[in-house]
Amino acid sequence: MSKRNPTIYDVASRAGVSISTVSRVLNAPDRVNQETRSAVMEAIESLGFIPKAEARARALKAYHRIGVLTPHFTAPSFVQRLRGVAAALRKSHHELIIYTVETSAHLHSYLETIPITHSLDGLIVLSLQFDNNYAERLVNHGLQTVLVEYPHNILNSVEIDDIAGGRLAAEYLIHKGYQSLGFVGDTTIPEFGIQPITLRLSGMRQALAECKLTLPEENILLAPYDMEVTRQKAISFLRRVKRPKAIFAATDLQAIAILRAAREIGLRVPQELAVIGFDNLDLAEYFGLTTISQHLDESGQVAVELLLSRINDPGRPVQHIQLPLNVVERETA
């Protein structure tokens with residue numbers, strides 16, 4: 001006699017909750033507290049329960065859907081990455097499903113439930129950090145996953161060297177003859193995202209030290225990733241008598257805010273103040289901003305190519321692809 005497949009009633013009984021609670025965990029996990037959600041997920045795992053929708057999808061073998069977990073959905077850098085993802089998926093006839101993450105709890109609920117409840121061929125995770133347990137969960141459930149910007153040894157990834165990026169920006173300014181440099185960026189640690197800005201600052205310091213130069217604390221402007229707040233802070237920062245002669249802004253948006261502040265107080269760019277950014281957003285060309293390009297569209301495209309190759313051949317070794325960085329020279333430095 002064949003063994004009966006576990007049902008939602010079995011899961012509810014094992015977890016000590018109602019079937020409606022199990023349903024909420026499967027369909028709206030962010031509406032269930034962490035303790036209850038964990039109990040239900042443990043019951044699902046121990047019983048080997050497969051939701052009906054997932055069972056149907058497994059029978060069909062391929063879902064033709066790729067999911068993307070992303071924070072800051074409207075931030076220009078994420079839009080450009082998603083544009084690269086979408087362009088690559090159009091060629092493969094996969095549907096793109098976007099999951100936006102607003103809190104750590106939101107992220108964790110997705111990582112707990114997506115592997116067993118969403119009919120996906122694969123998952124791309126943009127600039128989000130999570131621990132080994134979630135990485136192992138993705139692997140154990142056979143959900144092919146590619147991480148962008150936050151590598152993990154058991155998952156495929158596409159990344160850049162942020163320290164090298166900071167060095168590259170500083171070396172460019174030094175080569176141009178600037179010795180009094182400043183830095184603008186947000187070094188606070190986000191709740192669930194990654195923080196490359198600190199690494200870029202570290203790379204800048206390294207390059208300066210090798211040239212026997214320093215970065216005084218008064219030449220560092222810490223400002224949140226917000227153009228208007230950065231502009232307001234930059235006005236007083238740039239009005240100082242001993243202001244820096246060249247600034248590395250760790251993001252293009254903040255570099256553009258610096259340009260606006262400089263214009264408001266009558267500083268000529270680059271004659272009196274040079275500015276270099278980081279990202280090479282579409283806006284950077286419009287503003288004539290010299291910047292470090294991290295090939296945002298290409299990172300999305302490469303992530304898709306890497307993901308599809310693993311879907312087609314799950315036995316392929318895990319790959320960590322590092323994209324190059326380069327200076328795009330325009331009018332501001």
Quiz item: Do the sum for the chain: with -39,500 (n - 2.57) for every DSSP H run of n ≥ 4, divided by all residues, what is the mean residue ellipticity at 222 nm, to the nearest 500 deg cm²/dmol?
Solution: -14500 deg cm²/dmol
Self-check item: Degrees, to the nearest 10: 76-92 long Cα axis against longest axis of the chain
Solution: 50 degrees
Quiz item: Going by how many other beta carbons lie within 10 Å of each one, how would you line up 91, 212, fewest first?
Solution: 212, 91
Quiz item: Which far-off residues, 5 or more places away or on another chain, put their amide H under 5 Å from the one on residue 64, with H placed in the peptide plane?
Solution: 121
Quiz item: When the chain is modelled as a GNM with alpha-carbon springs shorter than 10 Å, which of 104, 309, 20 fluctuates the most?
Solution: 20
Quiz item: Suppose every K and R has +1 on its Cβ and every D and E has -1 on its Cβ; what is the size of the dipole of the chain about the Cα centre, in Debye to the nearest 20?
Solution: 280 debye
Quiz item: According to the square roots a ≥ b ≥ c of the eigenvalues of the Cα gyration tensor, what is the shape class of segment 235-333, taking rounded for a/c under 1.5, prolate for a/b larger than b/c otherwise, and oblate for the remainder?
Solution: prolate
Self-check item: GNM flexibility winner over the chain from 128, 215, 306 (Cα, springs under 10 Å)
Solution: 215
Practice problem: Select from 298, 45, 159 the residue whose mean-square fluctuation is largest in a Gaussian network model of the chain (Cα-Cα springs shorter than 10 Å). | Solution: 45
Quiz item: Under 5 Å between amide H atoms, partner at least 5 residues away or on a different chain: which partners does residue 223 have, H built in plane at 1.01 Å?
Solution: 185, 186, 187
Quiz item: Once the dipole of the chain is set up with Lys and Arg at +1 and Asp and Glu at -1 on Cβ about the Cα centre, which of 188, 249, 36 lies farthest towards its positive end?
Solution: 36
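Report the full-extension gain for the segment residue 316 to residue 8: residue separation times 0.36 nm, less the Cα-Cα distance, to one decimal in nm.
Numbers: separation 308, 0.36 × 308 = 110.88 nm, distance 3.53 nm.
Working it through step by step, the gained length comes to 107.4 nm.
Rounded to the nearest 5, what % of the DSSP beta bridges within segment 62-179 are antiparallel ones? Present the calculation step by step, with values, prior to reporting the outcome.
Numbers: 1 of 20 bridges.
Looking only at bridges with both residues in segment 62-179, the antiparallel portion is about 5 percent.
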Practice problem: For segment 241-246, just list the computed ³J(HN,Hα) in residue order, Karplus coefficients 6.51, -1.76 and 1.60, θ = phi - 60°, integers in Hz, with x standing in for Gly and Pro. | Solution: 4, 9, 5, x, 8, 8
Quiz prompt | Using distinct alpha-carbon pairs, which all enter the 1/r mean, Kirkwood radius of segment 162-293 in Å | solution = 14.4 Å
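Would you mind calculating the gained length between residue 226 and residue 19 on full extension (0.36 nm times residue separation, minus the Cα-Cα distance), in nm to one decimal? Before the final figure, lay out the partial values.
Values: separation 207, 0.36 × 207 = 74.52 nm, distance 4.42 nm.
In short, 70.1 nm is gained.
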Quiz item: At q = 0.08, 0.14, 0.15 Å⁻¹, what base-10 log of I(q)/I(0) does the Debye formula yield for the chain when every alpha carbon is treated as an equal point scatterer in vacuo?
Solution: -0.46, -1.04, -1.14
Quiz prompt | Degrees between helix 296-312 axis and first principal axis of the chain (Cα, 0 to 90, nearest 10) | solution = 30 degrees
Self-check item: C-alpha long axis of helix 252-264 to longest principal axis of the chain, angle in °
Solution: 30 degrees
Quiz item: Between residue 30 and residue 87, what is the label-to-label distance in nm when each label sits 7 Å out along the Cα-to-Cβ direction?
Solution: 2.9 nm
Practice problem: Please order 238, 259 by the number of other Cβ within 10 Å, starting at the fewest. | Solution: 238, 259
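Count the DSSP beta bridges whose two residues both fall in the chain, then state the antiparallel fraction as a percent rounded to the nearest 5.
Details: 5 of 41 bridges.
Taking every DSSP beta bridge within the chain, about 10 percent pair in antiparallel fashion.
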Quiz item: residue 103 to residue 202: extension gain in nm, 0.36 nm per residue of separation minus the Cα-Cα distance?
Solution: 32.9 nm
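No lab work stands behind these numbers, since they all come straight from the coordinates. Since the model is a prediction, treat every value here as computed from it, not as a measurement. For neighbour counting, all protein chains shown are included, and Cβ atoms are generated from backbone atoms with ideal geometry for every residue, glycine included.
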